[in-house]
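The values are calculated or read from the model by the stated rules, or taken from the named source; none is laboratory data. Note that this is a predicted model, so its numbers are computed, not measured. Don't worry about glycine lacking a Cβ; one is built from the backbone with ideal geometry, like all the others, and counts go over all protein chains shown.
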Amino acid sequence: MNMGVAKRILLEIILSSCIVLQQITFLIPVVLLVWHRRSENFLPRNRQFRLPEVIGRGANLWTILSVSVLTVVNFMPPFLPVTGDSMNYSIVVLGILFLVGGINWFLSARKHYQGPRIIFHE
């Protein structure tokens, strides 16, 4: 593998990982809203933009479905046939990242991390 190919692969890993991580960050609050059934503890009653319950729930479910599909598609190799040079290695990099983050959480961070306190004003 020459340096030109290595630079291209590294750029593809960085860009693909950034896209996937942005999608995951967008997905987390939506999943939590669906998990808590769009409770008023998480969505204040007097918010500026309020969808009817059915439309809001449908938009949340559609978001979960579409972002999940797009995340899987972003992990696929860009070319066929797949070779070592055309493989998308971002799944490997993100897997290692999540593994190291999980190990850090269980060994240290869960004992010391204090997240922000959220207070909704009525």
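Can you confirm whether the range 10-31 contains a residue that is of a type outside the set (Val, Ile, Thr), at pLDDT below 95 and not in a helix (DSSP H, G or I)?
no
Report whether or not Leu51 is part of a helix (DSSP H, G or I) and either in contact with a Lys or Arg (Cβ under 9 Å, 6 or more places away or on another chain) or surrounded by 11 or more Cβ atoms within 10 Å (Cβ to Cβ) (or both).
No; evaluated as a whole, the condition is false for this residue.
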